[in-house]
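Participant: Can you read through this structure? Questions will come right after.
Just so you know, all these numbers are worked out from the coordinates, no wet-lab data involved. Please read all numbers here as calculations on a predicted model, not as lab measurements. Here the Cβ positions follow ideal geometry from the backbone for every residue, glycine too, while neighbour counts run over all protein chains shown.
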Amino acid sequence: MNNTINGTSDSTLEIETIPIHEAKSNLSKLVKRAAAGETIYIGAYGKPEAILTAVSENKIRAELRKGFFGCMKGKIVFHEGWDDPLPDEFIDLFYNSKGLEEFEPK
């Protein structure tokens, strides 16, 4: 299989790849370079396996939303009448109760 990118085969496509051991030793420097806008490729034997890039607040918000919105889909069931008005005696207890002392055993 011959992968090409813009007509260039992957055998001739060269991306500067930092070896994993070197990346571990220089991580703080690499993070600063990435934060400044550079894309850092990390890998083994000259083959990129990971990318270190800057993160924006928008990217962080998008990642947080991925796991939040829709996470309970199919897990919550609303039965018919769940939103019916509460009986008057419940409303009366809520607004006119003297607290727990009203329910203490006599």
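Participant: Just one of (1) polar (S, T, N, Q); (2) in contact with a helix residue (DSSP H, G or I) (Cβ under 9 Å, 6 or more places away or on another chain); (3) more than 22 Å from Glu14 (Cα to Cα) trips up Thr53, so point out which.
Facilitator: Failed condition: (3).
Participant: Taking the condition of being surrounded by 12 or more Cβ atoms within 10 Å (Cβ to Cβ) and aromatic (Phe, Trp, Tyr), how many residues in segment 29-47 meet it?
Facilitator: Number of matching residues: 1.
Participant: Sticking with this one: Quick check: is even one residue across segment 59-70 farther than 17 Å from Glu16 by Cα and either in contact (Cβ under 8 Å) with a residue 60 or more places away in the chain or in a loop (DSSP other than H, G, I, E, B) (or both)?
Facilitator: yes
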